[in-house]
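Bear in mind these aren't lab numbers, they're just calculated from the coordinates by the rules spelled out. Since the structure is predicted, the reported quantities are computational estimates derived from the model, not experimental observations. All Cβ positions, glycine included, derive from the backbone under ideal geometry; neighbour counts span all protein chains shown.
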Amino acid sequence: MDEKRILSHMNKDHKLAIEDYLSVYGGIKVDSHLSNIRMTNIDLTSITITFNHTDLGDQDIVKPIQFDAPLTSLSESRFKLIEMAKYAAQKRNVSHFQIQDIVYPSSIPEFTLLSLFFLLIFSYFRKDLIYDSLFKNYLNIPPNIVLFLKNNVHYTIFITILGHLSEFYLILLPKLRFYRVPFDFKIEWFFFTFLEGYLAIRRFNKLVQKYSSH
C-alpha cells in the first residue's frame, strides 16, 4: 500500500525530480527523445524508473537505481527521495522545486507604476492632452520642463522599455530557467516585467521564498 501511494505521489507531483534521478543517478540523457518517464517501483534498496525512447517505439526501458544505503522501512523513503532530488537538481544546475505560479500586481506602488507606464505610452499619441492640458495648464509644471518632456517622449519610452527588457533578460530569465517555470507562466512574467520592470522581479523573488519555505 505504501509503495502504491509513494509511486502515485511521485508520478503526479514530482515528475521533474524523477527526470533528475534518471539523469544524474541513472546516467541517462534526458531530452526530447524520451517520453512517459515515470517511477514504477520502490523498495528498501532501490527505485525503478521506466520510460520510452523515440528510437524504440512503445518499448519500455527500465532503469533501476540503487540507494546508497538500504532503508529500514518505506517510511524513510520520503527523506531519501528529497535528499536525492536536491542532489540531482544541484548537479543539473536547477532548483529541486518548480515554480508554477504568477503573482499579479496588488500594491499601490505597483498600480502606480503601471499607470505611469500607460500614461507615458498614451502621451506619445496625445501630446497636446498630456503635456499641454495636463502638465502645463492643470499641474502648472514650468513650460520649459513640459517642452523638454514633450520633445523627448520617444527617448523616454525607448529607455524605459530597454531598461525593462534588460531586467527581464539579465535578471529574471535566468531565475525562470533555474526554477523551471513552465512556458505559459514565463510569458506572463515577461509581460509584467515589460510593464513594471523590477517590481515584477521582486514579486517573483518573494514567490521563491514562499516555495522554498515549504
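Under 10 °C and 1.306 mPa s, how fast does region 70-192 diffuse according to Stokes-Einstein, given a Kirkwood radius computed over C-alpha pairs? Answer in µm²/s, whole number.
The diffusion coefficient I find is 85 µm²/s.
Can you compute 3J(HN,Hα) from phi for each residue in region 146-161, using the Karplus curve 6.51 cos²θ - 1.76 cosθ + 1.60 with θ = phi - 60°, rounded to whole Hz and x for Gly and Pro?
Karplus-based 3J(HN,Hα) across region 146-161 equals 4, 4, 4, 4, 5, 6, 10, 4, 5, 5, 4, 5, 4, 5, 5, 5 Hz.
Across 10 Å bins from 0, what is the distribution of all Cα-Cα pair distances for the chain, in whole percents?
7, 24, 22, 16, 12, 8, 6, 3, 0
Starting with the fewest neighbours, write out L22, L119 ranked by other beta-carbon atoms found within 10 Å of each beta-carbon. Write out the running numbers ahead of the final one.
Numbers: L22 23, L119 11.
Least crowded to most crowded, the residues run L119, L22.
Taking every pair of Cα atoms in region 17-65, average 1/r, invert it to obtain the Kirkwood radius, and report Rg/Rh to two decimals.
0.95
Residues of region 24-44 with amide nitrogen under 12 Å from the 7 Å Cα-to-Cβ point of Y87?
Hits in region 24-44 for Y87 at 12 Å: 24-26.
Using a cut-off of 13 Å between beta-carbons, work out the net charge of the residues near M10 (Lys and Arg +1, Asp and Glu -1, M10 not included).
Spelling it out: positives minus negatives among the neighbours equals +2.
Please work out the Kirkwood hydrodynamic radius for region 55-119, using every pair of different C-alpha atoms, and report it in angstroms with one decimal place.
17.0 Å
Return the Rg/Rh ratio of region 1-121 with Cα-based radii and a Kirkwood Rh.
1.20
For each of F135, F148, count neighbouring Cβ atoms within 10 Å of the residue's Cβ, then give the residues from fewest to most.
Listed from fewest to most nearby Cβ atoms, that is F148, F135.
Between region 79-122 and region 26-63, how many Å separate their Cα centres?
30 Å
Could you pull out the pairs from K86/K206; K80/K186; K63/K206; K150/K206; K127/K206 whose alpha carbons sit more than 28 Å apart here?
From the list (K86/K206; K80/K186; K63/K206; K150/K206; K127/K206), the Cα-Cα distance tops 28 Å for K80/K186; K63/K206; K150/K206; K127/K206.
How do K15, K206 line up, fewest other C-beta atoms within 10 Å first?
Least crowded to most crowded, the residues run K206, K15.
Take the chain, connect every pair of alpha-carbon atoms lying under 10 Å apart with a spring to form a Gaussian network, then pick out the residue of Y138, Y124, Y179 with the largest mean-square fluctuation.
Maximum fluctuation in the GNM of the chain, among the listed residues, is at Y138.
What is the dipole size for region 108-212, taken about its Cα centre, with +1 at each Lys and Arg Cβ and -1 at each Asp and Glu Cβ, in debye to the nearest 20?
The dipole of region 108-212 has a size of about 320 debye.
Rounded to whole Å and sorted largest first, what semi-axes of the equivalent ellipsoid does the C-alpha gyration tensor of region 136-214 yield via the square root of 5 times each eigenvalue?
Each semi-axis is the square root of five times an eigenvalue, giving 36, 14, 9 Å.
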